[in-house]
Amino acid sequence: MLQVRQGKRPVRGLGLMACLGLFLLVGAAPAWAQVEERPLAPPVSVADDDLTTALETGELTEAEYSLERARSLFRLGQVRREFGDVARASAHDATLILRDLAARVDDLAGAEEAVAERILARPDFGGVPIKGSGWGNFAEAQASPKCAENVCVHWVDDTSSSDVPPPEDGDDNGIPDWVDLTLATWRYVWIQEIDTIGYRAPLSDASSPNGGTRKLDVYLDDLGGLGYFGYCASDDPAAGDRRVSAYCVIDNDFSQSQYGTEHTSQEFLEVTSAHEFHHASQFAYDWAEDAWLMEGTAADIEETVYPDVNDNVFFLRNWSPLTRPASPLDRGGAGDSEYGSWIFWRYLQEKVGGDPSIVREIWERVEGRDNYSLEAVRHELGQRGLGFAAVFANFATANRRLDYADAVDAGYPSPGLTKTYTVAQQSPDTSWRSWRINHLATRYFSFKPGQVPADARLRVSTRLPQNGAAATLIIVESDGSTTTRRLQKQANGSAAGTTRFGKEEISRIEVVLSNGSTRTSCWKFFGPPAYSCAGDPLDDGRVFELRGKLLR
């Protein structure tokens, strides 16, 4: 079995952006990288193993490689016997691996095509999902599916199956209470995300070759033992159009013996439903978008629909701009960074747009192949009279201050300082110090007063690269209160300012150096990790210089 996050909590969303259908990356690139079409991304690089060697030497085509890598998720021993040293894929590699297979299934034939289609099929249609058996030989319950206006829930009732939901039926309606709760939860999520925020409803699956209900189908499956919460996928034959119908699979009981006791089973159901439903809605815009947009907005909407659960704070603690500010915001495909990026969408929602509609409007911009993720954000901010670099600098500053409505109650982690300098009469000048910062990344510094006069002042000087760079001061008073100040960048890249530095008044002066460059050469596919538009960022590793000097 494929095990994930060993010793940790389960991973939400195996196939969230990537199961099934053609993944033709077609659309407009930015002005500095115009292309007629978005080409098909090559298979994700999992490891430098014998399977990768077989691809590089031509022993396997890309389609055959994708199939074998997908098989290794479920039958690793078999693939190793055939190819030798084959690495065990990580949890998030699985998402990309299934996307790679779905993108190339038409390039397979015969038995290979049949295996691929089995891997990608729905649980009730002989599919082979994560654990390799799905519902197996267990028939769908006689009362299944139970449907509401727009959603249907499917389950099995054979008690010998681990996929069966809890059998309790307190209202004697012939339907397990857990099924009733699941349907009620998805109906509520639909109301919040579609009717209230205005996201597009999931598309009808009437053309599904696997027998959809024309409504959004949700399947209950025992995913907890494998470390997953749920996933959404598509078997829409029109997948090449980038707007596809979806079906979703979630755990059949969210047992606390599998998921832990941090939340109740119902709370796990709630946030998972909000997250996965958002993917089903995303598929109606562009199901082939960048990971940080798809996973980040899905993790953010958990907070919007169920603000009191706070399960997504786990991703902030694991890999996010709060815990790894030096890592690019749009990093995706490895290490949960695409999930942790949800704090950026929360920032836009709280501080820029004032409500969730700003994120929805960004999704509306990626439809029609006009914008990719980062481009859509830039254009939406520009429509509001805002520059991306300035917004990113404000975002980086808000992160250090934890200036979010739920930060204290939910326990958001605080970004750490890269370096602290003590400035005193005996050591009044730090001299110039240089640091390299990647695109959409931040470093934080601090100047602390040592033995200085009561009326001391500090001159903070910076030398910034040209594209997207900014320097912001956070003045921390002795009582803990803070004020912020953006240093004005000159044409030559210098930005400097003077501030109070007396020890009785000032605890420290923090400097936020942010690289808000969005310049990217798209469709270079140099990952993993993968960035926006599968691109090669043009402003990684830029040198930022910093100096603090006591004014006598």
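Readers should treat all values here as calculations from the given coordinates under stated rules, not as data from a laboratory. Bear in mind the structure is a predicted one, so any value in this text is a computation, not a measurement. With ideal geometry, Cβ positions are generated from the backbone for all residues, glycine too; neighbour counts draw on all protein chains shown.
Computed over the Cα atoms of the chain, pair by distinct pair, the Kirkwood hydrodynamic radius stands at 24.8 angstrom. What order do you get for Leu329, Leu551, Leu76 when you list them from fewest to most C-beta neighbours inside 10 Å? Ranked by crowding around the Cβ, least crowded first: Leu551, Leu76, Leu329.
Length gained on full extension, Arg485 to Asp403: 28.0 nm, using 0.36 nm per residue less the C-alpha separation. Quotient of the Cα radius of gyration of the stretch 31-311 and 2.2 N^0.38 Å, N being its number of residues: 1.03. Spacing of the modelled spin labels on Glu168 and Glu504, each 7 Å from Cα toward Cβ, amounts to 6.5 nm. For the chain, the relative contact order comes to 13 percent (Cα pairs under 8 Å, sequence separation of at least 6). In terms of the mean number of neighbouring beta-carbon atoms within 10 Å, the peptides 337-350, 536-549 order highest first as 337-350, 536-549. For the pair Asp158 and Ser357, label points projected 7 Å from Cα toward Cβ lie 5.1 nm apart.
Counting neighbouring beta carbons within 10 Å and listing from fewest to most, the residues Cys533, Cys232, Cys152, Cys147 come out as Cys147, Cys152, Cys533, Cys232.
Lysine pairs in the chain whose alpha-carbon atoms fall under 24 angstrom of each other, counting only those eight or more residues apart or on distinct chains, come to 12.
Below 13 angstrom from the Cβ of Thr397, what's the summed charge of the other residues (Lys, Arg +1; Asp, Glu -1)? Its environment carries a net charge of +4. Debye-formula intensities of the stretch 133-221, expressed as log10 I(q)/I(0) at q = 0.13, 0.15, 0.23 Å⁻¹, are -0.47, -0.62, -1.17 (one equal scatterer per alpha-carbon, no solvent).
Of the peptides 198-207, 481-490, the order by per-residue mean of other Cβ atoms within 10 Å, starting with the highest, comes out as 198-207, 481-490.
Packing, taken as the mean count of other beta carbons within 10 Å per residue, orders the peptides 175-188, 263-276, 405-418 from highest to lowest as 263-276, 175-188, 405-418. This ranking places Tyr306, Tyr531 by how few other beta-carbon atoms lie within 10 Å of each, fewest first, which gives Tyr306, Tyr531. Over the stretch 419-551, the ratio between the Cα radius of gyration and 2.2 N^0.38 Å evaluates to 1.20. Remark: the Gln266-Glu545 segment gains 95.4 nm on full extension, using 0.36 nm per residue and subtracting the alpha carbon distance.
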